[in-house]
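Taking it in order: structure first as structure tokens, then the write-up.
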Amino acid sequence: MAKDVPLIILASLALLIFALMLFGWYSRKRRQAHIGLPVVPPADLADTDLRFTGKYVATTVAGDQLNRINVHGLGFRANCLLEVHPDGIVVSRAGSPDLWLARSEVRGVSRATWTIDRVVENNGLQVIEWNLDGTAVDSYFRMDDPEPCERALDSVVGNERQSQ
């Protein structure tokens, strides 16, 4: 019986930490409830050859790389496919609805080295800066082939890159 006491204490502590993490996650979702739903891609989009695979890392409040957007499925990492069209970008994420980043909502395209809990080589993350229902946000991607993706985003979206 005396040998079980430390195990019970550790298990209780682990359960408490998990409960606090879960509480924090849902509290963030409540604080971000004012952020509207992302737009779904238009049904009449023409097919494009500008497709790039990679990882969706996170979406954060613009300029605050540690403030993850948690609502509407944007808080989870996933494999992704970016399709670049003249009118905007389709972001397809595994397990989540597709996002439409209309050209008029895209504020810029840049590079970053880190965000939230991801650190990579210098400028290894591609950042699409856009407006989500009036809230300025930054979405971070780790693309499999970043250079052609960056050229497509720069040329088709028509924004200047800024290094972070």
* To do: Let me know the whole percent of all Cα-Cα pairs from the stretch 1-102 that are separated by more than 22 Å.
  => 49 percent
* Listed residue (PRO41, TYR56, LEU20) projecting farthest to the positive dipole end of the stretch 1-57, Cβ model -> LEU20
* Asked: Most mobile of SER104, SER139, SER92 per a Gaussian network model of the chain (Cα springs, under 10 Å)?
  -> SER104
* **Distant-in-sequence amide H partners of ALA102 (H built 1.01 Å from N, under 5 Å)** => ILE89
* Structure fact -> Shape call for the stretch 47-164, from the Cα gyration tensor axes a ≥ b ≥ c (a/c under 1.5 means rounded, otherwise prolate when a/b beats b/c, else oblate), comes out rounded
* Given R₀ = 45 Å, FRET efficiency for ASN79-ALA2 by Cβ-Cβ distance, to 0.05? -> 0.35
* So, in nm, how far is label ARG31 from label SER104 when the simple model puts each one 7 Å beyond its Cα toward the Cβ? -> 3.2 nm
* Structure fact -> Residue-normalised value, i.e. accessible area per residue, for the stretch 30-113 at 1.4 Å probe, in Å², stands at 49 Å²
* To do: Obtain the nm distance between the two label points defined at THR113 and SER155 by a simple spin-label model: each point lies 7 Å from its Cα along the Cα-to-C-beta direction.
  => 3.0 nm
* To do: Determine the relative contact order of the stretch 1-93: mean sequence separation of Cα pairs under 8 Å and six or more apart, normalised by residue count, in whole percent.
  => 23 percent
* Summarise the accessible area of the chain (1.4 Å probe, protein heavy atoms) by the percent that is carbon and sulfur. => 59 percent
* **Relative contact order [Cα under 8 Å, 6+ residues apart], the chain, whole percent** => 23 percent
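The values are calculated or read from the model by the stated rules, or taken from the named source; none is laboratory data. In this text the structure is predicted, and so the values were computed from the model without any measurement. Virtual Cβ from ideal backbone geometry, glycine too; neighbours counted across all protein chains shown. Keep in mind that these areas ignore ligands, DNA and RNA; they rest on the heavy atoms of the full protein, side chains included. Shrake-Rupley method; radii C 1.70, N 1.55, O 1.52, S 1.80 Å.
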